[in-house]
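Asker: Have a look at this one.
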Amino acid sequence: MTALAIMRLVPPPGKIVGGEILYYQNDRIIPLHQLDPKGRKIRSIRGNEIAMIFQEPMTSFNPVFTIGHQIMETILLHQKVGKKEAQERTIEILRKVGIPMPERRIDDYPHQLSGGMCQRAMIAMALSCRPALLIADEPTTALDVTIQAQVLELMMALKEEFGTSIMIITHDLGVVAGMADEVVVMYLGHIVEKSDVRRIFHDPKHPYTQGLMQSRPSIISHTQHLKPIRGTIPEPYDIPKGCPFQPRCSMPSRRCEMEKPPLVEVERGHFVACWH
């Protein structure tokens, strides 16, 4: 929902009720949260300067149009080029993301591509206009581990080539460790911890972050027992009063039950929302 809010694609009846989304464009600050979701300004940014890779590529493409048609549509919408140049750019970006024989593949429909190839085509469409920011929502969830590694390696290589920033949403701690520079840990829609990736993994402060680290298998110790986080995630309409994590916390206090902790800087660059 955070990523959809950035793109101004929050599905109704959802709406932005508070906070800010500030986008820096050519030394100007654009308040995205104030733009009309269907207006010309956000449409000139969405897909052009800020692009998104959705979680399930097979359902994100329109099944009645070819892959090439859908990528070309993005280029023609945002770039001042003709149809021939748009087609050449489409073939080139498909080649960059590792799709073999792109001259022929542009005429394929989504169902004719494998899951991994479809995800590569989705990345190609997202990067076709060389965006400043690429939002990747669980980009490897539906893929097997070998293809996962290839897709992540591809994203990192294209990030360096195009100078694109990547905001990745994932529950996979291995992906976080391998790709992220900065990490924001969220629970029930609230930020509970924020720092650089090294401190998050080596010195987590919030009980939820600590629980995540303790519940993953170790590649060093084969005798380590996993410590799952107790309880279950509450329903969105039944968020606890006070700290949202306190019903599952290993060290709750009366204050945790009554007051929601603010996000404070406990050390330089390390923010935590916890009374402890």
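The values are calculated or read from the model by the stated rules, or taken from the named source; none is laboratory data. From a predicted model like this one, the values you see are computed outputs, not experimental measurements. Cβ sites come from the backbone with ideal geometry, for glycine too, and all protein chains shown count toward neighbours. Ligands, DNA and RNA are stripped out before the accessible areas are found, and what is left, the full protein with its side chains, is counted by its heavy atoms. Shrake-Rupley method; radii C 1.70, N 1.55, O 1.52, S 1.80 Å.
Asker: Any aspartates and glutamates with Cα under 15 Å of the Lys96 Cα? List them, leaving off those in the same chain fewer than 8 positions away.
Answerer: Of all the aspartates and glutamates, those that pass the test against Lys96 - Cα under 15 Å, at least 8 places apart if same chain - are Glu88, Glu153, Glu160, Glu161.
Asker: Compute the length gained on full extension between Glu259 and His202: take 0.36 nm times their separation in residues and subtract their Cα-Cα distance, giving the result in nm to one decimal.
Answerer: Numbers: separation 57, 0.36 × 57 = 20.52 nm, distance 2.82 nm.
The span from Glu259 to His202 would gain 17.7 nm if fully extended.
Asker: Accessible area of the chain with a 1.4 Å probe: how many percent of it is carbon plus sulfur? Kindly include the intermediate steps, with their values, before the conclusion.
Answerer: Working: 8700 of 16300 Å².
Heavy-atom surface of the chain belonging to carbon and sulfur, 1.4 Å probe: 53 percent.
Asker: Run through the DSSP bridge list for the chain and note the antiparallel percent, rounded to the nearest 5. Could you put the intermediate results ahead of the total?
Answerer: Numbers: 15 of 25 bridges.
Counting DSSP beta bridges with both partners in the chain, the antiparallel share is about 60 percent.
Asker: Please state, as a whole number in µm²/s, the translational diffusion coefficient that the Stokes-Einstein equation yields for the stretch 82-175 at 4 °C and 1.567 mPa s, with Rh defined as the Kirkwood radius across alpha carbon pairs.
Answerer: Values: Rh = 13.8 Å.
The estimated diffusion coefficient comes to 94 µm²/s.
Asker: Can you work out the base-10 log of I(q)/I(0) for the stretch 52-131 at q = 0.12, 0.18, 0.21, 0.23 1/Å, using the Debye formula on its C-alpha atoms alone?
Answerer: Taken in order of the listed q values, log10 I(q)/I(0) reads -0.27, -0.63, -0.87, -1.06.
Asker: Let me cross-check Arg89: its accessible surface, 1.4 Å probe, with only protein heavy atoms counted, in Å² to the nearest 10?
Answerer: Arg89 exposes around 80 Å² with every protein chain in place.
Asker: Further question: As I understand it, the value is the acute angle between the Cα axis of helix 145-162 and the longest principal axis of the Cα atoms of the chain; what does it come to in degrees, rounded to 10?
Answerer: Taking the Cα atoms of the chain, the angle to 145-162 is about 70 degrees.
Asker: How tilted is helix 83-96 with respect to the longest principal axis of the chain? Cα atoms for both, answer in degrees (0 to 90, nearest 10).
Answerer: So the helix axis and the longest Cα principal axis differ by about 50 degrees.
Asker: Figure the gain on full extension for Arg130 and Phe162 (residue separation times 0.36 nm, minus the Cα-Cα span) and round it to one decimal in nm.
Answerer: Numbers: separation 32, 0.36 × 32 = 11.52 nm, distance 0.63 nm.
Net length gain for the segment: 10.9 nm.
Asker: Strictly greater than 34 Å: what percent of every Cα pair in the chain meets that?
Answerer: Working: 10841 of 37950 pairs.
Of the Cα pairs, 29 percent sit more than 34 Å apart.
Asker: Ok, one more. If r is the Cβ-Cβ distance from Glu20 to Glu138 and R0 is 30 Å, what FRET efficiency results, to the nearest 0.05? Write down the numbers at each step before the final one.
Answerer: Values: r = 25 Å, r/R0 = 0.84.
Step by step, r from the Cβ atoms, then E = 0.75.
Asker: Still on this structure, please answer the following. Give me the lysines in straight-line cross-link reach of Lys260: C-alpha distance below 18 Å, same-chain residues under 8 apart excluded.
Answerer: Counting by Cα, and skipping residues close in sequence, Lys260 has these lysines nearby: Lys194, Lys205, Lys241.
Asker: Name the shape class, rounded, prolate or oblate, that the alpha-carbon gyration tensor gives for the stretch 84-136, where a ≥ b ≥ c are the square roots of its eigenvalues, rounded holds for a/c under 1.5, and otherwise prolate holds if a/b is larger than b/c and oblate otherwise. All intermediate terms of the calculation are to be shown ahead of the outcome.
Answerer: On the way: a/c = 2.08, a/b = 1.16, b/c = 1.79.
It is oblate, given that a/c is not under 1.5 and a/b is not larger than b/c.
Asker: Tell me the mean residue ellipticity at 222 nm calculated for the chain from its helices only (DSSP H runs of n ≥ 4, each -39500 (n - 2.57), averaged over every residue, nearest 500).
Answerer: Working: 12 runs with 102 residues, N = 276.
My calculation for the chain gives -10000 deg cm²/dmol from helical runs alone.
Asker: Turning to a different aspect of this structure: How long is the gain from His190 to Thr232 if the chain were fully straight, where each residue apart is worth 0.36 nm and the alpha carbon distance is subtracted? Before the final figure, lay out each step's value.
Answerer: Numbers: separation 42, 0.36 × 42 = 15.12 nm, distance 1.64 nm.
The His190-Thr232 span can extend by a further 13.5 nm.
Asker: Measure nothing fancy, just the Cα-based angle from helix 67-78's long axis to the longest principal axis of the chain, in degrees from 0 to 90, nearest 10.
Answerer: 80 degrees
Asker: Can you return the lysines within cross-link range of Lys38? Criterion is Cα-Cα under 25 Å, with same-chain partners fewer than 8 residues away left out.
Answerer: Qualifying lysines at Cα under 25 Å: Lys15, Lys80.
Asker: Turning to a different aspect of this structure: What residues qualify as long-range amide H neighbours of Tyr187, i.e. H under 5 Å apart, gap of 5 or more or another chain, H built at 1.01 Å from N?
Answerer: It is Val192, by chain and number.
Asker: While we're here: Along the Cα→Cβ direction, 7 angstrom out, place labels at Arg40 and Arg95. What is the inter-label distance in nm?
Answerer: Distance between label points: 3.6 nm.
Asker: When the convex hull of the Cα atoms of the stretch 136-231 is projected onto a plane and the area is averaged over all directions, what value comes out in nm²? Walk me through the numbers before you get to the answer.
Answerer: Working: hull surface 29.7 nm².
Computed as one quarter of the Cα hull surface, the answer is 7.4 nm².
Asker: Can you list residues whose amide H is under 5 Å from Ile16's amide H, if they're 5+ apart or on another chain and H is modeled 1.01 Å from N?
Answerer: HN-HN under 5 Å from Ile16: empty list.
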